[in-house]
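The structure appears right after this line, and notes come after that.
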4 protein chains.
Amino acid sequence: MVSKLRFSANINTFNACADRYVLGGYGKRLNTDELISAAQKVDDLTGVELVGKWHVNDDNVEQIRRQVTDAGFDVTCVTPDIWASGKWGWGSFTSNDPKIRREAINEVKKSMEWAKQLNCEVIDLWFGQDGFDYPLQADYPKAWSLLIEGVAECADHVPEVKIVVEYKPKEPRTHCFVATVGKTIFLLEKVNKPNVGAMIDVGHALMGYENAAESAALLQYFSKKLFYMHFNDNWRYWDDDMTVGSVHTIETLELLYWLDHLDYQGWYALDIFPYREDGIKAANESIRWIKGLFGVMQRISRKRIAEVIASGDAMAMSALMREAFLD
Amino acid sequence: MVSKLRFSANINTFNACADRYVLGGYGKRLNTDELISAAQKVDDLTGVELVGKWHVNDDNVEQIRRQVTDAGFDVTCVTPDIWASGKWGWGSFTSNDPKIRREAINEVKKSMEWAKQLNCEVIDLWFGQDGFDYPLQADYPKAWSLLIEGVAECADHVPEVKIVVEYKPKEPRTHCFVATVGKTIFLLEKVNKPNVGAMIDVGHALMGYENAAESAALLQYFSKKLFYMHFNDNWRYWDDDMTVGSVHTIETLELLYWLDHLDYQGWYALDIFPYREDGIKAANESIRWIKGLFGVMQRISRKRIAEVIASGDAMAMSALMREAFLD
Amino acid sequence: MVSKLRFSANINTFNACADRYVLGGYGKRLNTDELISAAQKVDDLTGVELVGKWHVNDDNVEQIRRQVTDAGFDVTCVTPDIWASGKWGWGSFTSNDPKIRREAINEVKKSMEWAKQLNCEVIDLWFGQDGFDYPLQADYPKAWSLLIEGVAECADHVPEVKIVVEYKPKEPRTHCFVATVGKTIFLLEKVNKPNVGAMIDVGHALMGYENAAESAALLQYFSKKLFYMHFNDNWRYWDDDMTVGSVHTIETLELLYWLDHLDYQGWYALDIFPYREDGIKAANESIRWIKGLFGVMQRISRKRIAEVIASGDAMAMSALMREAFLD
Amino acid sequence: MVSKLRFSANINTFNACADRYVLGGYGKRLNTDELISAAQKVDDLTGVELVGKWHVNDDNVEQIRRQVTDAGFDVTCVTPDIWASGKWGWGSFTSNDPKIRREAINEVKKSMEWAKQLNCEVIDLWFGQDGFDYPLQADYPKAWSLLIEGVAECADHVPEVKIVVEYKPKEPRTHCFVATVGKTIFLLEKVNKPNVGAMIDVGHALMGYENAAESAALLQYFSKKLFYMHFNDNWRYWDDDMTVGSVHTIETLELLYWLDHLDYQGWYALDIFPYREDGIKAANESIRWIKGLFGVMQRISRKRIAEVIASGDAMAMSALMREAFLD
């Protein structure tokens, strides 16, 4: 049943993507209305992610709720913006400035409130600016204490909304504190709240030399803490945010097998940056790859995959993958 | 007080190092007597590490104890060999074969007994063969469950001997399960025994894009679980096991500052592979770099380093490092 | 004689740096006048780099010449902008669109003319957008043929201005064609013009696992083709554009030794992105590190460095570096 | 016509593989007779590679010729051993010791003579030990001059035997001089002999962040210098020497397309290290993946691949790959 897979995408997927050289972006800038319209052109897309302040705020939350619902979408995640302006540059929850820290926590709480109003289950805590660039620049115990306290405080604010911590090894800081699946689990255990879990962004896992399937297993098998997934692909050294299936064929299949096997219940959301590609096509391709790989898994059967894994025999795996992809 | 630093090295440091191309090694093979003699030629070395079965066994443990003591050394660590023969190739604690798993656990228990007899506080659990090489080759929940159970069982065997888990992202498997500081903390928390902690091998941290100082802070500040340190250096992508100070000058200084600041009480042990270098010179150089960098830290003063860190000002850090190294 | 080192910096060093998350930049946007004023606050800076169209154009070239001269600077390099707007996104010289290719070549020729008028010896050809993001996206023979032809055509346009090709493994494309020192030499040999050489950006070399000193040797020793240098530092996996000396102490010293030894005559230019740092401080620190390391080299003496290199003895190197940095 | 592909493998593929931890190897050690017998069990294998001195020497060359011929194989490559014993540890052609240099050159010449007697067209010059481990350890101009002279001298020794230079970024040295395709082309141009070309080892290209298809294009399109290919796969950061198709599905397809398109005439040879796998199965899997991917290429047709490449449209590529692998 591929039908069980529910697909979402950040509506920014359809906007012009920029990088540090082409700050104006490679494509056309769209407004929120146009972004939602674009999302409607993607097959099988039934959810959208919004960014706090960018797309939703106190004034427009009810209007956005109606607009997104009318367009046929669930809001699957609200991401508080604690990383996209200069003031967050030296950290959000871990800033040395207590005013910035307070502002960041309030930003997160706001997003939780908006999420609740939007019937959205999840907000995404991505600490991209919390880290360091140079050696001897960070007070590690202090930073981690602030992260733990801050997340716990937010968790209590709207307990019925889930917080998912999104880890990433680097960028925009050269080193992010919440870098790997293991450090994420450490944070979750210290915070210890039922509504605080994790998301895996596949590309961030690849950057960290993780096998995303193993990362999912650690989070989900041992504590049912895998609440959300971001799909994309890259060349391993950097968060290239490419479309799904463009590089890692077998590993993506493995991940889909394990998500299914571990009874992952969350959304299959896209987090891609189609800098030079059409966003609608890029989302369509990504979803088609996920569905196609899921279909391959069903065709060769979960049972045979399970047998290959149980055997630990890499050459049996190789033969099964040939059958899956080449025959 | 540099004098507080206690230095150790695996006696294999002084043996011929081999790699997969030069299996016979680049230098001369020595026996245990010769290795201990070589260790005596290293200034400031007061500890040695031994490998179970290679250097110590049921028959020679008392003789080795006397020999090492007479040579003026403490035994600082015994490392059970659960990774250096073909039978461990598909895993030790996580092997699919229950007989191999039992053998591995027994090997560890033996090393704990020998450690106790040698007045050695620490044994080193390095799961180099526990992982996977290919996608779809490992049953992650099963493997991690076996790791947790196995370590817990060992911990109870000789509670007065400490087990330190040594993480490493890869090699000899292309992916090791216990890969990063975060996954190590996950393992420690699941095992939850007072005598089970971690070691940081600096090179393994570098391979994983960790800042070893941050890794030390996570282990030590939050739960006093940093029991041991392995020093070396590398070019970041691989465990080159080079002498200390040969690449990462400032980061090594940062690590020494934090170990001191976090009140790390363990040994400063070397884990280097001087393939083409003389082992005695390589150990001497490594210790001299650690002492030299520690001296630099004292000269510029802990207080000023603390101020730079508290400021988060990378350019103040840069100026302080210029003063430290160039003036 | 540290005095022989001539320092330059792109005037954008002093502007707000942006990345793909903080498109508005971390600091304050300045105009060209303010950027030149900022440059004057950097000790020992006697050269500036300009970007074509951004800072210099047909209308203002004479005015800029006077303004820069009056401020006490040489213009050391003009960089044509063939990478900073959406239209270059699919390549400049290698675009599939012949109109874009023509426009790019014209942009380069314009910059050569401006360089001549500014008494500037060098223009910088950086092909950041010429490459590919996905597999099966590029026609390699066609792309390389276009690169060769295009560079040759430009070279003939103003033969008294030198073109330096600046290689980089990736970013903004996930793969740039002109990625490494070796591919750069291939391009130079195919172009085969006296006024076409290379620059090494130290960070780009580090990203490609090059030792920049070896890269300099290949270019300079065998064909006197090293015309320019960009200094910065990074953590090896990405072009972090950090200040000089912040990570690679010994390698930077090695590079300075070889530039001196190979009789490199060009500028020591900075190419840093001080996202969260003050640009003036960042430039000052970078220059002070270069001067400081050059001073260390002189203090321990070129002769002893030459002896260590000739011996190939890494432990003698280690001892010499301890003496250089720790004593 | 898959039939045009000619497959070879080093007969060591079938021997126990060792690494620096398991020096005795993971499997069973076989003698040359047994290795040749094992090779016969691999479907479609019609060529074998031999290592000088290991498998062939002055005394047994004629016997080996008969034995290999009788077993139904061509000898496709002889690899002189200038990297597998301690004496080569500080370099072969670039050793500081002129006696070692002379010995290395003689070893290569011997292999050329044996190749000729074996009707083998190619010998493989892999300079794994020629490089450096530490900064300030190598005299780059001297080393490269020695490489150029040495290769040229060998080339003249038996002009009818082709020398293929095999590049690799690192291992066993932390940095090899002949590291990338670009540096290889530099070497070929300096040597400038008709019988000196290159091989691409796919895994070595991946380690260096090369797209092997582009590397092939540079060598073959511009100077017909791609004489040989080594196939394998890895996780990008290290030469894991895994079986073909186990990680990089699309990139391997791309490479096969370009080899065909560039009219590559050489062997499709395997260079894998099946540490924990059965060598015969590993070779069979590798060849089946190459044939299978080649078959996929034919099924979707060269014409459509060419169109996708010409368009530069990554989403058209994505759709075509879905059709190729998932439908």
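The values are calculated or read from the model by the stated rules, or taken from the named source; none is laboratory data. Not measured: the values here are computed from a predicted model. Here the Cβ positions follow ideal geometry from the backbone for every residue, glycine too, while neighbour counts run over all protein chains shown. SASA here: full protein model, heavy atoms, side chains in, ligands and nucleic acids out. Shrake-Rupley method; radii C 1.70, N 1.55, O 1.52, S 1.80 Å.
Odds and ends about this structure:
- Percent RCO, i.e. relative contact order, over chain C, from Cα pairs under 8 Å lying at least 6 residues apart: 16
- In whole angstrom, the protein assembly as shown maps to an equivalent ellipsoid with semi-axes of 41, 38, 36, each derived as √(5λ) from the alpha carbon gyration tensor and ordered largest first.
- Computed over chain A, the per-residue total of -39500 (n - 2.57) for DSSP H runs of n ≥ 4 gives a 222 nm mean residue ellipticity of -14000 deg cm²/dmol, rounded to 500.
- Model label sites at D:GLU323 and B:GLU323, defined 7 Å from Cα along the beta-carbon direction, differ in position by 6.7 nm.
- Inter-copy label distances for D:GLN298: 3.2, 7.0, 7.5 nm (label point placed 7 Å from Cα along Cα→Cβ; shortest first).
- Note on D:SER223 and A:GLU62: the model spin-label points, each 7 Å out from Cα along the C-beta direction, lie 7.4 nm apart.
- Cβ-vector label at 7 Å, B:LYS142, separations to other copies in nm: 4.9, 5.0, 5.7
- Protein heavy-atom accessible area occluded, C/B pair - total, 1.4 Å probe, Å²: 2900
- For peptide D:269-276, the mean count of partner chain Cβ atoms within 10 Å of a residue's Cβ comes to 3.
- For chain A, modelled as a GNM whose springs connect Cα atoms under 10 angstrom apart, the maximal fluctuation among A:SER311, A:SER246, A:SER111 occurs at A:SER311.
- Annotation: amide H of D:ILE123 within the under-5 Å range of D:VAL78, D:LYS162, D:ILE163, D:VAL164, sequence separation 5 or more or interchain, hydrogens built in the peptide plane.
- For D:ALA71 and C:GLN298, a Förster radius of 51 Å and the Cβ-Cβ distance give a FRET efficiency of 0.20, rounded to the nearest 0.05.
- Near D:VAL75, the amide H atoms lying under 5 Å from its own belong to D:VAL48; only residues 5 or more places off or on other chains count, and H is placed 1.01 Å from N.
- DSSP-defined beta bridges in chain D - what % are antiparallel, rounded to 5: 10
- Per-residue average of Cβ from other chains inside 10 Å of D:122-134: 3
- Other protein chain Cβ atoms within 10 Å, averaged over every residue that makes up B:189-196: 1
- Other residues whose C-beta falls under 13 angstrom from the C-beta of C:ARG288 contribute a net charge of -2, scoring Lys and Arg +1 and Asp and Glu -1.
- Rounded to whole Hz, the Karplus (6.51, -1.76, 1.60) HN-Hα couplings of region B:58-66, x for glycine and proline: 4, 7, 10, 4, 5, 5, 4, 4, 5
- Our coupling estimate for region B:84-95, obtained by passing each phi through the Karplus curve with A = 6.51, B = -1.76, C = 1.60 and θ = phi - 60°, is 10, 9, x, 5, 8, x, 9, x, 9, 5, 10, 4 Hz, Gly and Pro reported as x.
- Charge tally in the Cβ shell below 13 Å around D:ASP19, where Lys, Arg are +1 and Asp, Glu are -1, D:ASP19 excluded: -3
- Packing rank of B:193-203, C:195-205, where each peptide gets the mean count of other beta carbons within 10 Å, highest leading: C:195-205, B:193-203
- Gyration tensor over alpha-carbon atoms, region D:242-302, equivalent ellipsoid semi-axes in Å: 22, 12, 9
- Pairs of alpha carbons in chain D separated by more than 39 Å make up 10% of all such pairs.
- For the set B:LYS28, D:LYS53, A:LYS170, the ranking by accessible area, highest first and with no ligand, DNA or RNA atoms included, is B:LYS28, D:LYS53, A:LYS170 under a 1.4 Å probe.
- Distance (nanometres) between label positions extended 7 Å along Cα→Cβ at B:LYS142 and D:LYS4: 4.5
- Exam field: D:GLY24 pseudo-label spacings to other copies (7 Å along Cα-Cβ), nanometres: 1.9, 6.7, 6.9
- Comparing Cα centroids, region D:29-60 and region A:105-166 end up 61 angstrom apart.
- Those residues of region A:166-180 for which accessible area with every protein chain present is at least 10 Å² below the isolated value (1.4 Å probe): A:PRO169, A:LYS170, A:GLU171, A:PRO172, A:THR174, A:HIS175, A:THR180
- Cα centroid separation, region C:189-252 to region A:282-327 (Å): 43
- Think of a 1.4 Å ball rolled over the protein heavy atoms: the protein assembly as shown then has 30 Å² of accessible area per residue.
- Whole-Hz couplings from phi, Karplus 6.51/-1.76/1.60, listed for region C:129-145; x for Gly and Pro: 8, 9, x, 8, 9, 10, x, 6, 10, 10, 9, 4, x, 5, 4, 5, 4
- Net charge contributed by nearby residues that have their C-beta within less than 10 Å of C:LYS168 (K/R +1, D/E -1): -2
- Pairs beyond 19 Å (Cα-Cα), from C:LYS168/D:LYS183; B:LYS109/B:LYS193; C:LYS4/C:LYS291; B:LYS162/B:LYS225; A:LYS170/A:LYS190: A:LYS170/A:LYS190
- Per atom type, chain C shows carbon and sulfur on 48% of its accessible surface, probed at 1.4 Å.
- Low-density loop cleavage sites - GluC sites (Glu not before Pro) in region C:156-265, where at most 10 other Cβ are within 10 Å (DSSP): C:GLU160
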